[in-house]
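Trainee: Pasting a structure below so you can have a look.
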Amino acid sequence: MSQTVQSSGDTPDENRRDFLTLATTAVGVVGTGMALWPFVDSMNPSKDVLALSSVEVNLSNIAVGQAIKVMWRGKPVFIRHRTEREIKEAEDVALNQLVDPETDDARVQKKEWLIVVGVCTHLGCIPMGTATGEPRGDFDGWYCPCHGSHYDSSGRIRKGPAPLNLHVPTYTFLTDTSVKIG
Amino acid sequence: MSAPVWNNKVVKWVDDRLPIISMVHHAAYEYPTPKNLSYMWNFGSLAGFILVTMILSGIFLVMNYTPHADMAFDSVERIMRDVNYGWLLRYLHVNGASMFFICVYIHIFRGLYYGSYKAPREVLWWIGILILLAMMATAFMGYVLPWGQMSFWGATVITNLFSAFPVIGDPLVTWLWGGFSIGNPTLNRFFSLHYLLPFVILGLVVLHVWALHAVRSNNPTGVEIKTPQDSIPFHPYYTIKDLFGMGVFLIIYLYFVFFAPNFFGEPDNYIMANPLSTPAHIVPEWYFLPFYAILRSIDFSFLGMPAKLLGVLAMFAAIIVLFVIPWLDTSKVRSSRFRPVYKWFFVLLIIDCFVLGYCGAKSPADPFMGLQGLQVITMGQLATLYYFLHFLVIMPVVGKMERPKPLPASISESVLKGGANA
């Protein structure tokens, strides 16, 4: 290509051709990307999935020391009505003993209610310890049977392969006995 | 070998316009095959046979399967109970997956032992690894479709692996799921891809065979075909040998289908998926166990990378390393028959893979094979270390140090002398 241009000695023509090649390529790449995006984005959560993003829970039936599971966005949320002892245990831990340091205060709105997403932060199993009689691990919280992670009474990771504490979802207390998650 | 002349007018008319008959003739009759291939060379064509079996049984299963989170489990039970021969189609498909992996793993280790990955067969080897990766993806997504407890939680654990990547991890997992957990959108896309990928595999197999025909089959001596005396036509010599092997294979395959159809399965998968309760002991299908053991064995962080990310990287590296072994192996000799030192390391590698598989099936804190004081996790770590040592250290070093036995002058010579081991 450059040879034909050279023979005519017309350098501006060469620049123009380079520009056209570049511009065409750029438009082609951007255009292909734009055409691909709808396909990629169609795999993201759809509007009806996103619409199911909050749930209201009545807390009046949960006795002290008891915990329940509720479904939120297709996964369980643990709501534990903590005992005095559990609260004290959670507050007394030194932060330097924690894998993912966080105070108990930062994880609860009301001390007696611990609300966390019940999905192990390792590979997504449901830790045991919500129903009475299930193993609660070495720290009075939850124990994940898949790969052996122990969570404490604040839902913080204490032992095992999980890297992070159980997530705290956004929630608001509507009344003293009713909470809206999401 | 000149192009064939067709006497039949119809055949000639077609072949002049689309030389497909010449192509088949070329592949089956003119393709010179080493005359010393052992039964270890049966597993490629066996894998091809199972691929066709899987596609056929799968197409018919789909006619009665409902890809919806509320109905998938029941539709599979209906296939088992109400659909005519539904149980047969499903058991052929389920056990076919295990058989497919058995054949492909033997095929791969055959290639490793006889140096079939070495020049000029590197691209042939690469395509084979791509086929393995596509098979793993297909098998994983297929296992999700019955929507049992193991389907659901296996899918949860494996898709969560991608959350290990920094920054993009979480959005990536949400994108894979099409929601905030494994659910109906996930089931639908896995169904779509599970139907697509086998045809991708079929395309890769065509490339694999094409590459094979360009570089020719390796053989137990690892010495290339030099004269016409070294080879025989594929048909009828190897078609009949493959057919015999297929008979033996079918006895084993159909034994499982008819007499032990759930041998490779997990009872938990006959319980419908429950997003609120994880089974006490999650294990992947047997063909993923060694990789699962590698994933789990990394329980420490290193260089600021968390254990979870390292485990995922190690698991992928276990396959990626296979891409570069044509250059990691420094030996000039292909076949381990003539490699007195490497041969034993190869045996160790096989044992190592079985140890990894055992570790993948057990809980990390259990004692290894009943040995008190040796935990499964520790043994898994040692076995993982050896796996990578084999490819990254032993292969390059032994190739340089070892003095191979003398090679036969030709395939023909080795056959007439009764083989190299005689």
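Trainee: So for chain B, averaging the separation of alpha carbon pairs under 8 Å that are six or more residues apart and normalising by length, what relative contact order in percent results?
Mentor: Values: 503 pairs, mean separation 89.3, N = 422.
About 21 percent, as a whole number.
Trainee: Please list, ordered by chain and number, the residues whose modelled amide H lies under 5 Å from the amide H of residue A:142; skip anything fewer than 5 residues away on the same chain.
Mentor: Here the answer is A:151, A:152, since their amide H atoms fall under 5 Å of that of residue A:142.
Trainee: Sticking with this structure for a sec: To the nearest Å, what is the center-to-center distance of region A:145-168 and region B:80-157, using C-alpha atoms only?
Mentor: About 34 Å separates the Cα centre of region A:145-168 from the one of region B:80-157.
Trainee: For region B:64-76, take each phi angle, set θ = phi - 60°, evaluate the Karplus expression 6.51 cos²θ - 1.76 cosθ + 1.60, and give the result in whole Hz per residue in order, putting x for glycine and proline.
Mentor: Rounded to whole hertz, the list is 10, 9, 10, x, 9, 4, 7, 10, 4, 4, 5, 5, 5.
Trainee: A further question follows. Are any of the pairs B:226/B:405; A:111/B:362; B:12/B:35; B:9/B:35; A:47/A:110 more than 29 Å apart by Cα-Cα distance, and if so, which?
Mentor: Values: B:226/B:405 20 Å; A:111/B:362 39 Å; B:12/B:35 31 Å; B:9/B:35 34 Å; A:47/A:110 32 Å.
With Cα atoms farther than 29 Å apart: A:111/B:362; B:12/B:35; B:9/B:35; A:47/A:110.
Trainee: Starting at the first residue of region B:125-131, write each ³J(HN,Hα) from the Karplus equation 6.51 cos²θ - 1.76 cosθ + 1.60 with θ = phi - 60°, in whole Hz, x for Gly and Pro.
Mentor: 5, 4, 4, x, 5, 4, 4
Trainee: Among B:299, A:105, B:352, which comes first, then next, by fewest other beta-carbon atoms within 10 Å?
Mentor: Details: B:299 17, A:105 11, B:352 20.
In order of increasing Cβ crowding within 10 Å: A:105, B:299, B:352.
Trainee: Scaled to the compact-protein estimate 2.2 N^0.38 Å, what is the alpha-carbon radius of gyration of chain B, rounded to two decimal places? Present the calculation step by step, with values, prior to reporting the outcome.
Mentor: Working: Rg = 23.8 Å, N = 422, 2.2 N^0.38 = 21.9 Å.
Taking the Cα Rg and dividing by 2.2 N^0.38 Å, one obtains 1.09.
Trainee: Counting Lys and Arg as +1 and Asp and Glu as -1, what is the net charge of the other residues whose Cβ lies under 14 Å from the Cβ of residue A:50?
Mentor: 0
Trainee: With just the Cα atoms defining each centre, how far is region B:7-76 from region B:193-239? Give it in Å.
Mentor: Computed from Cα coordinates, the inter-centre distance equals 14 Å.
Trainee: Moving on. What stretch of chain B, leaving out the sites themselves, is the longest with no trypsin sites (Lys or Arg not before Pro) in a DSSP loop having at most 15 other Cβ atoms within 10 Å?
Mentor: Counting at most 15 other Cβ atoms within 10 Å as exposed, the longest clean stretch of chain B is B:1-225.
Trainee: Which of B:238, B:255 has the fewest other C-beta atoms within 10 Å, and how do the rest follow up to the most?
Mentor: Values: B:238 22, B:255 12.
So the ranking, lowest neighbour count to highest, is B:255, B:238.
Trainee: For every other residue with a beta carbon closer than 15 angstrom to the beta carbon of residue B:389, add +1 if it is Lys or Arg and -1 if Asp or Glu, then tell me the sum. Could the numbers behind the result be given before it?
Mentor: Values: positive: none; negative: B:329, B:352.
My count for the surroundings of residue B:389 gives -2.
Trainee: Something else now. For chain B, find the longest principal axis of its Cα atoms and tell me its angle to the long axis of helix B:149-160, 0 to 90°, nearest 10.
Mentor: Approximately 80 degrees, to the nearest 10.
Trainee: Roughly how big is the protein assembly as shown's charge dipole about its Cα centre, with Cβ charges of +1 (Lys, Arg) and -1 (Asp, Glu), in debye to the nearest 20? Let's see the in-between values first.
Mentor: Working: 44 positive and 43 negative charges, 378 e Å.
Computed charge dipole of the protein assembly as shown: roughly 1820 debye.
Trainee: Ok, one more. State to the nearest 20 debye the size of the charge dipole of region B:6-104 about its Cα centre, where the only charges are +1 on K and R beta carbons and -1 on D and E beta carbons.
Mentor: Working: 7 positive and 7 negative charges, 71 e Å.
Charge dipole, region B:6-104, about its Cα centre: 340 debye, nearest 20.
Trainee: Treating only the Cβ of Lys, Arg, Asp and Glu as charged (+1, +1, -1, -1), what charge dipole size does region B:29-421 show about its Cα centre? Round to the nearest 20 debye.
Mentor: Details: 23 positive and 19 negative charges, 276 e Å.
Charge dipole, region B:29-421, about its Cα centre: 1320 debye, nearest 20.
Trainee: Another one. Taking the 0 to 90 degree range and rounding to the nearest ten, how far is the long axis of helix B:307-328 tilted relative to the main principal axis of chain B, both from C-alpha atoms?
Mentor: The helix B:307-328 is inclined about 0 degrees to chain B.
Trainee: Follow-up. In what sequence do A:70, B:52 fall when counting other Cβ within 10 Å, fewest first?
Mentor: Details: A:70 16, B:52 12.
With the fewest neighbours first, A:70, B:52 line up as B:52, A:70.
Trainee: Tell me the mean residue ellipticity at 222 nm calculated for chain B from its helices only (DSSP H runs of n ≥ 4, each -39500 (n - 2.57), averaged over every residue, nearest 500).
Mentor: Working: 16 runs with 253 residues, N = 422.
It lands at -20000 deg cm²/dmol.
Trainee: By how many degrees, between 0 and 90 and to the nearest 10, does the Cα long axis of helix A:11-41 differ from the longest principal axis of chain A?
Mentor: Once rounded, one gets 30 degrees.
Trainee: Based on the Cα atoms of the protein assembly as shown, what semi-axes does the equivalent ellipsoid have, where each is the square root of 5 times one gyration tensor eigenvalue, given in whole Å with the largest first?
Mentor: Working: eigenvalues 522, 194, 152 Å².
Working through the eigenvalues yields semi-axes of 51, 31, 28 Å.
Trainee: On to the next question. For region B:222-227, take each phi angle, set θ = phi - 60°, evaluate the Karplus expression 6.51 cos²θ - 1.76 cosθ + 1.60, and give the result in whole Hz per residue in order, putting x for glycine and proline.
Mentor: Per-residue couplings from phi come out as x, 8, 5, 5, 10, 10 Hz.
Readers should treat all values here as calculations from the given coordinates under stated rules, not as data from a laboratory. Since the model is a prediction, treat every value here as computed from it, not as a measurement. Glycine gets a Cβ as well: all are built from the backbone with ideal geometry, and neighbour counts include every protein chain shown.
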